[in-house]
1. If R0 is 30 Å, what FRET efficiency do you get for Gln103 and Lys125 from their C-beta distance, rounded to 0.05?
2. Taking 0.36 nm per intervening residue step and subtracting the Cα-Cα distance, what contour gain separates Ser44 from His114 on full extension?
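What follows draws every value from the coordinates through simple rules; no lab data is involved. Small disclaimer: the values here were computed from a predicted structure and weren't measured. Cβ coordinates were reconstructed from backbone atoms using ideal geometry, including for glycine residues, and neighbour counts include every protein chain displayed.
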Amino acid sequence: MSNQGSPIKKFLLGIDENDLPDEVDEVKPQSNLTQQKSLGYQSSYSSARTIADVLSVIGWLTVVIGVFSALALASQGSSFDVFAMLPGLGLVISGLFMVVAAQVTRAIVDNADHTREILSLLREKA
C-alpha cells in the first residue's frame, strides 16, 4: 500500500506524508466498543445510546412479529391470500424503519463523540 495519508490525517498528526511509516496505513480497524475500552473513552450520550439500542431491539421484534403475522394471516383461508398479508408486511416495514432510526441515532451520537475527541486532540496540540 502506498504511503499516502489523507489531508486530515496529515493535519492532525502534524507531519509530512513522507514521514509516515507504512504501518500507519495498514492498521486494521477495531470495533467501536474495542476502541472505546482501549482508549479509556466514555461517551457523554449514554442515555441516547441506550434508547437507540432499545429502539433497535423493538424494531427487530416488530419485524419478526410482522413476518409471522403475515404468514399466519395469508394462510387462514383455503388458499394463500396475498392481500391478507398486508397488515403483517406493514409491521415488517415499520420495524425496519425503527431499526434504521436507531442506527441513525447511533451514528449521530458516535459522530458527536468522535468530534469531541478530535477537538480535544487539536487543543492538546495547540
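1. 0.40
2. Fully extending the segment from Ser44 to His114 adds 24.1 nm.
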